[in-house]
1. For region 136-313, what is the per residue volume of the convex hull drawn over the alpha-carbon atoms, in cubic angstrom?
2. Please arrange 234, 167 by counting, for each residue, the other beta carbons lying within 10 Å of its beta carbon, fewest first.
3. Taking neighbour Cβ counts within 10 Å as the exposure measure, how do 237, 196 sort from fewest upward?
4. How many angstrom lie between the C-alpha centres of region 269-304 and region 206-221?
5. Arrange the following residues from fewest to most other Cβ atoms within 10 Å of their Cβ: 265, 68.
6. How far is it, in nm, from the label point at residue 266 to the one at residue 246 when both lie 7 Å from their Cα along the line to the Cβ?
7. Run through region 221-317 and list the GluC sites (Glu not before Pro) located in a DSSP loop whose Cβ has at most 12 other Cβ atoms within 10 Å.
8. Report the extension gain between residue 238 and residue 281 in nm, rounded to one decimal, defined as 0.36 nm multiplied by the number of residues separating them, less their alpha carbon distance.
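Each value in this text was obtained by applying a stated rule to the coordinates, not by laboratory testing. Just so it is clear, the model here is predicted, and its values are computed rather than measured. Reconstructed Cβ throughout: ideal geometry from the backbone, glycine too, with neighbour counts over all protein chains shown.
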Amino acid sequence: MSRSVSAVPFLPHNCTVDQTQDADTEDIKAVVDGIDGIKLSQGLALGLGDFDLIRVIGRGSYAKVLLVRLKKNKQVYAMKVVKKELVHDDEDIDWVQTEKHVFEQASSNPFLVGLHSSFQTESRAHHSLHVSLLHRFYAAEICIALNFLHEKGIIYRDLKLDNVLLDHDGHIKLTDYGMCKEGIRPGDTTSTFCGTPNYIAPEILRGEDYGFSVDWWALGVLMFEMMAGRSPFDIITDNPDMNTEEYLFQVILEKPIRIPRSLSVKAASVLKGFLNKDPKERLGCQVQTGFIDIKAHTFFRNIDWEQVRRTKDTSLH
């Protein structure tokens, strides 16, 4: 049973990557423990030996992400490697399988990172992914990506700047599906407390059941960061009691969000819509008309949504 998945960035195949100078040889050596690979997505039979390992580009509690190059076509990928010894119980296995499943579904959407292939060695599972980061247009692309996931019954639950990547044509791709929740129909809810602290929606902090609303809240936070260059919950203080996660949550729950005067009326309006602390009143959260309401908002009114979908094949440079 394969026990892992997730994502990071794709680089154009003609980019130059030093294969040895910056390589984290100790970490890479720890990964190379066998090539029992078989599998997957495109009907390919791939193993660790089919890739040149370049460097470690990310670390987490369960996994590392390597920059790799597929030998046969010199294409650069990100490979997530999960240590099986850290995947102990059914909940861990479910997490791994859920992330892999979301990767596979995401492959059919241009604004989501998809899975290229998957295989495993005796002690690790490997997943290589195509990857592909500012204002109205990027917000529209992210909206399309989130709506796609929601239509598939998936709450993303980890939208943040770190998980918004740019492909070589300048289009966004969302990545990292480790916190996704599947099987959610319109009106359904879940209750797991999870997310990145600065992006967690008020309903999660209040211990309420929640649905797709938490993704639209996170989009509001992310759009605020893109437009204002800072978090809506920035705390500048020398008081150590105000630099805690607990105080951050208090700010999210209780403090009014102050929109910079430098932003346009339309931008301020859409931020207030997404950052409404009441999910019933939040932009995008009406069960029947959520995405329609977003597309109709004055901030997005001049966006040709079908053209945005089509421009995945057009360079923004």
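1. 125 Å³
2. 234, 167
3. In order of increasing Cβ crowding within 10 Å: 237, 196.
4. Taking the Cα centre of region 206-221 as reference, the centre of region 269-304 is 13 Å away.
5. 265, 68
6. 4.4 nm
7. 281
8. Using 0.36 nm per residue and subtracting the Cα-Cα distance, I get 12.0 nm.
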